[in-house]
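Please treat every number below as a calculation from the coordinates, not as lab data. Since we're looking at a predicted model, the values are computed, not measured. Cβ: placed from backbone, ideal geometry, glycine included. Neighbour counts: every protein chain shown.
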Amino acid sequence: MIKETIDVSVVIGFSNWGLARLELAVRSIQASFGGLRGEVIVSDYGSHSFEDTRELMESLGARYVYTATDGTWSRSRALNAGFAVSSGSVLVSTDADMVFSPESMETIGSWILDDPSLCLLLQCRDLPEQWTDAEIDRVGYQWDTFERVSRLRPRWGMGGMMAVPREVFMRIRGLDERMHTYGGEDIDFATRAKRAGQRLLWVDDERVRMYHMWHAPTRETHSKSVAATNAIEFNKKIVYTDKTFVRNTPIWAHRPADAGPLVTVAISTFNRANFLAESISSVLCQTLQDFEIVVVDDGSTDNTRQIVESFDDRRIRYFFQENAGIAAARNRAADEARGYYTAVHDDDDLMTPWRLEKHFEHIAAGTHGSFGSFVNFDDSTGEMKLFASKILNDGTIIDSGGAPGHGTWLVETDIIRRLRYDESLSSGVDNNLALRMVRSGVAMKHSGEIMMLRRVHDGQITVSDESVQKTSARQTRQLFSYITTKWGVDKLGAERGPKDYVPIRLGKNLDTLVPFLPDSLVQRIAVFRGSLECLPHEVRRRLLERCAHFVVERQDEDSVVRYSGAIVGASMRDLALLRRAGVEFEVSGELIGSDEGMEESVPNDRAAITEAAVRQAFRDFVEQAGDEDYSSFGLVRRIAPDRKVSGIGWTRSFTCGDLKETVLFLRFTNSVEAFKAQIENDWTEMELLGDAIEPASLLNELNISRRLFGASL
Amino acid sequence: MSQILIIEENRVKISMPDAERIRQVSLSLKSVTGVEEKSVAIVVKAWNAEGNSVTDSCKGVYYSTILGEMFAYYPGTPDDAYSEPLTLEFVEAPTEVSFELLTWPGREPVGKAMFGGSALFVESYDVASKGLSTRNRILNGGGHKFR
């Protein structure tokens, strides 16, 4: 493996900024690895012309990775794209306008290799105006002079370099890809590393110097544009208000190939093949898809294995063992887990689709996991009842020895591996573990979410083995024998806090959960929009055949951009396929036998369906193409299919059955330019968004142009 | 997709999709020729989604007892230029609006394909949005394909 041969990977985010500066940065880093094995990766995020950059980097022995973009710069995504192809044990980010002194990377790398609890940061030193890249290129790196004339940048921030162990980068899922342009992404990352347990250290060592080559400031240019100002404000909001440390959920776009799953969903099962398929499907329907499913079959004699294998999904791993009991099966799942977190899931229950994503909104500094409440549903009628979980601490758990619903837990896998389920118990192993976790100082945050739909049926352990469960709870409660002293009781009371419960989202609106009940109870309609290209052809064909209607959106009459459609009677497996394909969808549902006419709510007018698809695509275009230079957007209708545009927009065709329309999505600097383009091109109908439309003013402008340039306008 | 803009000789008709209603139309014409000393009137008609006339409540049109129609004054067009826009506001939000160019006196159709050189600015709203979602279209008579 290459991974074993690289100590330090340094990633530089880059886009159209001149090769001389980049070359100086790369050369200085390459010369500073010393005895360590290092690699420099230049992550080119959307340069217009990149062949020269590629050639130069390859000639220098640096790695080069290019990401096509819509023109939007994002330092976060650029760096993540570089780290995605990296293999170093230590990951370092920096910029294309920094040069490093000769021992820098060797020192930085060694410190982290020696102490993986560190997250290193380095404040840059600004070189004065005469030290441009051209000057440094002319006279070479003058380290003594640089040290004498440079000035430590007087800013409280990350400063331009950040280094962490690879494992930490993976655990907190890289830089936050929501962040636009630049500003705040490095302080956000370092703060998250700190929340995850790293020690932040600003390097103050004369062997490590990072000098900023002088160039005209870009910040002012960026700040003047509306789009960049908004982006920076958006970044600030994340830095100021988002207290979580695991990010890029539900989607980590630039995910390294060696990144393990974020979550292991642990399912222990025994002769429940009839329920297991839906239990697994509910996991596959999660909005967060960064998981694996470990199914431990505790000696089933039914067709459990066939059910698991029928999913044909590499994220599902199946382990069979001779029947050894629930605790042993759960411990086996923890031992086999690859995910940093484990979500406990029972073989007869269903996850609500937001469960995994919501867990991570509540895991912050000092929190080892999170949980929520659950809803019991009657397996034959669908009747639902909310069970609100108390917050979890030794004060709340002591009352009954009962813990929050086990099937709502997500906790660091390592905690389960170390504390383990008590294999001497036949039931109540979850409560027992919860007590020992709390006693060990494990902090689990209540999410306030309904995380699980718990199936009430005749074969439940809590039905068939209720007395054993109660005994188990009583036994585990005895672990807290110190409550027999007054001091102990007072302590628990003080720690318990004033409120045991938190508000439950959707708790008073359980009807919204109906679409997520089992297939046997509910009829669903799934309305989706997105590319299905990653699905195998045959699977995609079958899925589309199940649609009441669908629209195919193509680019330039050629490649499929996306599908949008509605599946009436969508099964959980259909929903899982849509989720796997990464498409957006909304699902509605009603209990079978109810009087509401769901099918009537699905539009069947192809013109209206196509119109909705065109308008949604136009909104996408405006969102992507708008910036400070373009503020007027045209949707041109009724054009010949062969009309193409370049530079100013997209040509799209929409097909729904035998109905087809080609449209143009265009961007203009203002509405006058749009109007002139319409007249010049003889477009009959154009809808305009953005700038105000003032007919008198537009006509006047057109008349002036005609006087100046003749009747071509 | 059906056309929103339909031009027939001296008549132009705007026919919106089912889910939209017209708030306002501004009409501009290029040079009107062949009228000579006669005046020109624009007969306006508007219908709601049920097919009923809602022309009476339109702001900017007037009833002519001689014509027996609601009409708007022709704005006049200089040579080879677009006229000042004639703007009509519709209180009862029609789905269809038509304009017909007639000489006055005489009530004769004006020219042929008169609206081929027109520009219409149509402000409408989406019914589902209860009037909140406004759409602005420019319809170019010059780009109209006569079918």
Cβ-defined net charge surrounding residue B:45, 14 Å radius [Lys, Arg +1; Asp, Glu -1]
-4
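For chain A, what is the calculated [θ] at 222 nm in deg cm²/dmol (nearest 500), taking -39500 (n - 2.57) for each run of four or more DSSP H residues and dividing by its residue count?
Values: 25 runs with 243 residues, N = 713.
Theoretical 222 nm ellipticity from helices: -10000 deg cm²/dmol.
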Arrange B:69, A:206 by Cβ neighbour counts within 10 Å, fewest through most, would you?
A:206, B:69
Please report how many Lys pairs in the range A:2-241 have alpha carbons closer than 26 angstrom, counting only residues at least 8 apart along the chain or sitting on separate chains.
5
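Where a ≥ b ≥ c are the square roots of the eigenvalues of the C-alpha gyration tensor, would you call chain A rounded, which needs a/c under 1.5, or, failing that, prolate if a/b is larger than b/c, or oblate?
Numbers: a/c = 2.18, a/b = 1.21, b/c = 1.80.
It is oblate, given that a/c is not under 1.5 and a/b is not larger than b/c.
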Among A:215, A:537, what is the fewest-to-most ranking by other Cβ atoms within 10 Å?
A:537, A:215
Can you spot the aspartates and glutamates whose alpha carbon is less than 19 Å from residue A:243's alpha carbon? Ignore those fewer than 8 places along the same chain.
A:176, A:177, A:185, A:186, A:188, A:233, A:357, A:361, A:412, A:449
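List the residue ranges in chain A for DSSP H helices whose C-alpha atoms run 30 angstrom or more along the long axis and whose Kyte-Doolittle average is 0.5 or above. Kindly include the intermediate steps, with their values, before the conclusion.
Details: long enough: none.
None pass (Cα extent of 30 Å or more, hydropathy at least 0.5).
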Taking 7 Å along the Cα-to-C-beta vector as the label spot, tell me the residue A:207-residue B:79 distance in nanometres, rounded to one decimal.
8.8
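Taking Cα pairs under 8 Å and at least six residues apart, what relative contact order does chain A come out at, in percent?
Values: 1437 pairs, mean separation 61.7, N = 713.
RCO, chain A: 9 percent.
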Restricting things to alpha carbons, find the Rg to Rh ratio for the range A:2-241 using the Kirkwood radius for Rh.
0.93
How much space per residue, in cubic angstrom, does the convex hull of the C-alpha atoms of the range A:263-511 take up?
123
Give the long-range amide H neighbours of residue A:532: residues separated by 5 or more places, or on another chain, with amide H under 5 Å away, using H modelled in the peptide plane at 1.01 Å from N.
A:563
For A:357, A:557, A:129, what ranking results if the residue with the fewest other Cβ atoms within 10 Å of its Cβ goes first?
A:129, A:557, A:357
Cβ neighbours within 10 Å from other chains - mean over A:684-695
6
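Over the range A:362-463, calculate the relative contact order: mean separation of alpha carbon pairs under 8 Å at least 6 apart, over the residue count, as a percent. The partial results should precede the final answer.
On the way: 153 pairs, mean separation 45.4, N = 102.
Result for the range A:362-463 is 44 percent.
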Between residue A:387 and residue A:145, how many nm apart are label points set 7 Å from Cα along the C-beta direction?
7.5
Return, ordered by residue number, the residues of the range A:304-341 whose backbone nitrogen is under 13 Å from a label point located 7 Å along Cα→Cβ of residue A:417.
A:332-341
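Once R0 is set to 51 Å, what does the formula 1/(1 + (r/R0)^6) return for the Cβ-Cβ distance between residue A:234 and residue B:67, expressed as a FRET efficiency to the nearest 0.05?
It comes out at approximately 0.30.
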Would you mind computing, in nm to one decimal, how far apart the modelled labels at residue B:92 and residue A:60 are, each placed 7 Å from Cα along Cα→Cβ?
7.4
Expected integer from the mean partner chain Cβ neighbour count at 10 Å over A:696-707 is 4
Quick one: how many lysine pairs in chain B have C-alpha atoms under 30 angstrom apart, if they're 8 or more apart or on different chains?
22
